[in-house]
There are 2 protein chains.
Amino acid sequence: MQRRIVLIGCGVVGQGFLEILVRKKEMLEREFSFEPVLVGVADMMKGSILVNEGIDIPGFMVHVKAKGTVHDFPAEGAIVGLNSLDLLEQAEADIMVEVTYTDIKTGEPATSHIRKAFERGMCVATTNKGPMALHFRDLSKLAEAKNVLFRYEGVVMSGTPIFDLLEYCLAGNEIQEIKGILNGTTNFMLTKMEEENMSYPDALALAQKLGYAEADPTADVEGFDALAKVVILSNVVLGGNISPADAQERVGISGITIEDIRKAKAEEMRYKLIGSARKEHGKIIASVRPEKLPLSDPLAGVGGAVNALTFKTDLSGPITIQGSGAGKLETGFAILIDVLNMHKEM
Amino acid sequence: MQRRIVLIGCGVVGQGFLEILVRKKEMLEREFSFEPVLVGVADMMKGSILVNEGIDIPGFMVHVKAKGTVHDFPAEGAIVGLNSLDLLEQAEADIMVEVTYTDIKTGEPATSHIRKAFERGMCVATTNKGPMALHFRDLSKLAEAKNVLFRYEGVVMSGTPIFDLLEYCLAGNEIQEIKGILNGTTNFMLTKMEEENMSYPDALALAQKLGYAEADPTADVEGFDALAKVVILSNVVLGGNISPADAQERVGISGITIEDIRKAKAEEMRYKLIGSARKEHGKIIASVRPEKLPLSDPLAGVGGAVNALTFKTDLSGPITIQGSGAGKLETGFAILIDVLNMHKEM
């Protein structure tokens, strides 16, 4: 069955998603009766194109890679130069994929894209933390009112399943607490400091060199990124309604020295930047801080630029899932699984 | 919506499932529109009862706990004393829950129960390794021919999701390899040997005392239990069609001494009993053997009577899930999630 898709954001994740659609074309049709039709793409840097008759995906990908632009891809009947909201207004699509950059302070422009898509009766798959950390409840209500689906598996831990795990595999459990390593950059740095006796500034410089950390590393090393994810998990998984300002604590790793790490190692302990949330008397207690874990803790063994999350459940006990927290194909896959699960339910 | 359930096997797991149905009654109705009606129970030791009008579950549980019998539960119109196959013949049920003991050599009586249920148009949820290790392909075909559903989440790692994880959360990925700690008893023993300098015989005696190991511990310590799970994963996840005799290797932990473990520890390595399977030129390569893992391996950090499994995927990278591999509520939950997922699809 054909599903008409409009893609907002054509950076690494958007292109990763398109690459998967091309690589897995036959399998997706054979096993899931899923035939994607790309009707429009808008990107702040690369321009926009709308072709309601459908865009040839393999040809489009070659073009984007070669030219770095979207608007001048040759296609009959193409409408070019629309801004993203006008493009959504004119696109005839079943699903919007929202993978623009994250602005954690305003949630824009992603939140406006999602609202517009819902208003136009489209289902939405997104990997964008901004709208999820700031407007999850409003957006969910709007999706319900418009009778469309809203999916966001890639928002936390990219292609490592969290929200689908709860919905399809752990349904019936009460989730009592979540606790995890939600930022790969800081976990990479802590691992290097312990395993290679690297100082904090050297570990940071290496993370920046490898592209794990930004030039301004504040969001990672001071725990803001992990906190946004804790807030999202609190609201989606624990039924809370908090914003980052409501957290009890946000401490990053910039105060951790190699001496702290050595001392912990001598005690058979290990520092990890832990994000956690639980409900106490109906109130969410959420925090991000470095914690010294015994080596027997499932999270202590998680090394490198990897994410992991433990769910404490009432029936299944503690369940921990570990995997990549970033990456082109990994995050592209998160969009794919959202689109496939919506495709089944539409 | 009412779903009529017949329960074959009323031991720890069967009673765990019933306990969950009682504890979660309101939630299951409210969130899943799921109203279970228990129409019959058969157990080799406790007798059988068939009440097509429905059995009061809380009262039945009190009776089973107090008396250790099933057949003399007072219920109007009850038919008692049928053997399990005759009970299945006369039961009016939508779903059979099969949780009898595992016979890994013959797969009986569970395989006959499952066939009979399919013949009678019932969907099946089971936690029984026997039929799955020996007859998965035949049983799947029969379910398909009879247009009924067949679910078995609890067969490997009890309430820690494996098969649902693949179906609902990782669909679209090619699974290239599976590798895991699939036997909690041996992992408990290895952990005790390393952490408390316990000898192999002492660790085994402790595992037996705590009820993790049987009086005859062969199935656990020689790797037969782990191998049955590797075979099931090979056939279900990798699309193979192998039996335990087709495995390349099956070595247990009985040859591992405390000196081996100490030596590994000095090299920052750790022994784990690893079950693994991959496809090579269309052929399944499956094995169980102790492996010395670097401490950075996600499986090296898994301590105690816990299970863990890594899926190597082509899009999402390696994904590891860790959790309980046994337990009354945990395995009872595995049946619940199977029943809920079938309920949605029926």
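Consider segment A:241-251 and keep the residues that are over 20 Å from the mean Cα position of the chain (by Cα) and in contact (Cβ under 8 Å) with a residue 40 or more places away in the chain. The one that is nearest to A:Thr186 (Cα to Cα) is A:Glu249.
Yes or no: A:Pro58 on the phi < 0 side of the Ramachandran plot, assigned by TED's automatic domain parsing to the domain that holds A:Val99 and surrounded by fewer than 17 Cβ atoms within 10 Å (Cβ to Cβ)? For A:Pro58, the condition - on the phi < 0 side of the Ramachandran plot, assigned by TED's automatic domain parsing to the domain that holds A:Val99 and surrounded by fewer than 17 Cβ atoms within 10 Å (Cβ to Cβ) - is met. Just a yes or no: is a residue in segment A:177-186 in contact (Cβ under 8 Å) with a residue 60 or more places away in the chain and under 19 Å from A:Lys265 (Cα atoms)? Within segment A:177-186, one or more residues are in contact (Cβ under 8 Å) with a residue 60 or more places away in the chain and under 19 Å from A:Lys265 (Cα atoms).
State yes or no: is B:Ile181 within 14 Å of chain A (Cβ to nearest Cβ) and under 15 Å from B:Ala277 (Cα atoms)? Lay out the reasoning, then the answer.
Values: within 14 Å of chain A (Cβ to nearest Cβ): yes; under 15 Å from B:Ala277 (Cα atoms): yes.
So B:Ile181 fits the description; yes.
Residues of segment B:61-101 that are polar (S, T, N, Q) and surrounded by fewer than 18 Cβ atoms within 10 Å (Cβ to Cβ): B:Thr69, B:Asn83, B:Gln90.
Looking for something of a type outside the set (A, V, I, L, M, F, W, C) and within 14 Å of another protein chain (Cβ to nearest Cβ) - is there at least one such residue anywhere in segment B:36-52?
We begin by selecting, within segment B:36-52, every residue of a type outside the set (A, V, I, L, M, F, W, C); these are B:36, B:40, B:43, B:46-48, B:52.
Among the residues that remain, those that are also within 14 Å of another protein chain (Cβ to nearest Cβ) are: B:36.
Taking every residue of segment B:36-52 in turn, at least one turns out to be of a type outside the set (A, V, I, L, M, F, W, C) and within 14 Å of another protein chain (Cβ to nearest Cβ).
When residues in segment B:186-209 are screened for being over 27 Å from the mean Cα position of the chain (by Cα) and farther than 17 Å from B:Glu291 by Cα, 7 of them pass.
Just one of the numbered conditions (1) among the hydrophobic types (A, V, I, L, M, F, W, C); (2) under 29 Å from B:Lys328 (Cα atoms); (3) in contact with a helix residue (DSSP H, G or I) (Cβ under 6 Å, 6 or more places away or on another chain) is not true of B:Phe224: (3). Applying the criterion of at least 2 residues that are acidic (Asp, Glu) to the strands (runs of 3 or more DSSP E) found wholly in segment B:1-62 leaves B:35-43. Scanning segment A:305-328 for residues that are hydrophobic (A, V, I, L, M, F, W, C) and modelled with pLDDT of 95 or more, we see that the one that is farthest from B:Gly303 (Cα to Cα) is A:Leu315.
Looking across segment A:274-290, not a single residue is buried (at least 17 other Cβ atoms within 10 Å of the Cβ), free of Cβ contacts under 8 Å to residues at least 60 places away in the same chain and of a type in the set (D, E, K, R). State whether the residues of segment A:259-272 include one that is outside the structural domain of A:Ala143 (by TED's automatic domain parsing), under 26 Å from the mean Cα position of the chain (by Cα) and closer than 29 Å to B:Leu295 by Cβ. Yes, segment A:259-272 contains at least one residue that is outside the structural domain of A:Ala143 (by TED's automatic domain parsing), under 26 Å from the mean Cα position of the chain (by Cα) and closer than 29 Å to B:Leu295 by Cβ. Would you pick out the residues in segment A:5-23 that are of a type outside the set (A, V, I, L, M), in contact (Cβ under 8 Å) with a residue 40 or more places away in the chain and either closer than 14 Å to A:Leu336 by Cα or within 12 Å of chain B (Cβ to nearest Cβ) (or both)? Within segment A:5-23, A:Gly14, A:Gln15, A:Gly16, A:Phe17, A:Glu19 qualify.
How do the strands (runs of 3 or more DSSP E) wholly within segment A:279-337 filter down when requiring 1 or more residues that are among the hydroxyl-bearing types (Ser, Thr, Tyr) and at the interface with chain B (Cβ under 9 Å from one of its Cβ atoms): which remain? Give the derivation first.
On the way: elements: A:283-294, A:306-313, A:318-324.
Those strands (runs of 3 or more DSSP E) span A:306-313, A:318-324.
Of all the criteria given as (1) over 22 Å from B:Asn235 (Cα atoms); (2) touching an Asp or Glu at 6+ places or on another chain (Cβ under 9 Å); (3) crowded, with 18+ Cβ neighbours inside 10 Å, the one not satisfied by B:Ser296 is (3). The residues of segment B:129-156 that are assigned to a helix (DSSP H, G or I) and within 14 Å of chain A (Cβ to nearest Cβ), listed by number, are B:Glu153, B:Gly154.
For A:Met198, are the conditions met, namely being hydrophobic (A, V, I, L, M, F, W, C), farther than 29 Å from A:Ala110 by Cα and touching a residue at least 60 places away in the same chain (Cβ under 8 Å)? Considered against the rule, which asks whether it is hydrophobic (A, V, I, L, M, F, W, C), farther than 29 Å from A:Ala110 by Cα and touching a residue at least 60 places away in the same chain (Cβ under 8 Å), A:Met198 comes out as yes.
Taking each residue of segment A:140-151 that is crowded, with 20+ Cβ neighbours inside 10 Å and looking for partners that are of a type in the set (Ser, Thr, Tyr) and assigned to a helix (DSSP H, G or I) with beta-carbon atoms closer than 8 Å, six or more apart or interchain, yields A:Phe150/A:Ser140. For the structure I just gave you, tell me whether A:Met132 is in contact (Cβ under 8 Å) with a residue 60 or more places away in the chain, farther than 26 Å from B:Phe32 by Cα and surrounded by 24 or more Cβ atoms within 10 Å (Cβ to Cβ). No: the conditions fail for A:Met132.
The values are calculated or read from the model by the stated rules, or taken from the named source; none is laboratory data. Since the model is a prediction, treat every value here as computed from it, not as a measurement. Neighbour counts are summed over all protein chains in view; Cβ atoms, including those assigned to glycine, are modelled from backbone coordinates with ideal geometry.
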